[in-house]
Amino acid sequence: MICAAAFALLMVNASAASSGGGVPLTNSWRGITPLRSSAADVARIIGIDEEPNSAPSSGPFKVEGGEVTFSYLTPSLAKIYRAPGSMIGKVFTIYFKPSQPMNRADLALGAGFKRCTEERDRQFYYLVSDVGVAHQFRRNNDALETTIYQPSRAEVRRLAVNTECVF
């Protein structure tokens with residue numbers, strides 16, 4: 001019951017933020033921000049032990065309200081995206097999958113979200129914001145599948161990234 005109440009509060013806050021309800025919408029999940037946070041930051045927030053000299057833990061991790069998975073900017077991705085070496089090892093994308101079913105109508109999404117459909121994906125569509133938050137929905141029933149926190153549109157412009165909707 002407490003978990004459900006906390007999740008509901010989280011979604012109300014996310015809805016208020018995305019609809020202009022006072023709190024600005026950001027591409028951070030619990031203080032972890034793409035291209036700024038490290039694997040050590042993830043380990044601290046998630047509560048796992050980070051092994052020195054090992055690959056960063058990506059998950060999925062069970063967390064309050066769902067599960068979360070992280071991707072990191074690797075040396076090979078940094079080369080492809082022409083990213084500075086200082087970004088290597090930083091969180092690149094955060095994927096949060098809620099444990100409670102939600103529909104698009106449950107989220108009070110503001111005008112800052114634009115619909116995006118990837119040409120080869122017939123199962124999902126996205127609502128994407130310039131600040132780096134995207135919601136993945138099932139096409140057949142508008143059910144929220146995943147919330148994605150990724151680099152903002154301005155950050156992506158500085159990299160050699162070619163993506164239709166999300167990473």
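Laboratory data are not the source of any read-out in this text; all were calculated from the coordinates shown. All values derive from a computational prediction rather than experimental measurement. We place every Cβ from the backbone using ideal geometry, glycine too, and count neighbours over all the protein chains shown.
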* If region 22-167 were replaced by its equivalent ellipsoid, with semi-axes equal to the square roots of 5 times the Cα gyration tensor eigenvalues, what would those be, largest first, whole Å? -> 25, 19, 14
* Could you please rank T93, T74, placing first whichever residue has the fewest other Cβ atoms within 10 Å of its Cβ? => T74, T93
* Asked: If you stretched the chain out fully between R82 and D106, how much longer would it get, using 0.36 nm times the residue separation minus the C-alpha to C-alpha distance?
  -> 4.8 nm
* **Simple spin-label estimate for D49 and T117 in nanometres, 7 Å along Cα-Cβ** => 5.0 nm
* What residues qualify as long-range amide H neighbours of F124, i.e. H under 5 Å apart, gap of 5 or more or another chain, H built at 1.01 Å from N? -> R139
* Taking neighbour counts of Cβ atoms within 10 Å as a proxy for exposure, in what order, fewest first, do V131, V63 appear? -> V63, V131
* Cα centroids of region 127-149 and region 35-92: how far apart, whole angstrom? -> 21 Å
* To do: Please give the net charge around S152, taking every other residue with its beta carbon less than 12 angstrom from that of S152, where Lys and Arg add +1 and Asp and Glu add -1.
  => +2
* Cα-based reach from K114 at 20 Å (exclusive), listing aspartates and glutamates while leaving out same-chain residues under 8 positions away -> D106, D130, D142, E145, E155, E164
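When the gyration tensor of region 99-167 is built from Cα positions, what are the square roots of 5 times its three eigenvalues, in whole Å, from largest to smallest? Spell out each step's value before the answer.
Working: eigenvalues 92, 39, 19 Å².
They are 21, 14, 10 Å, listed largest first.
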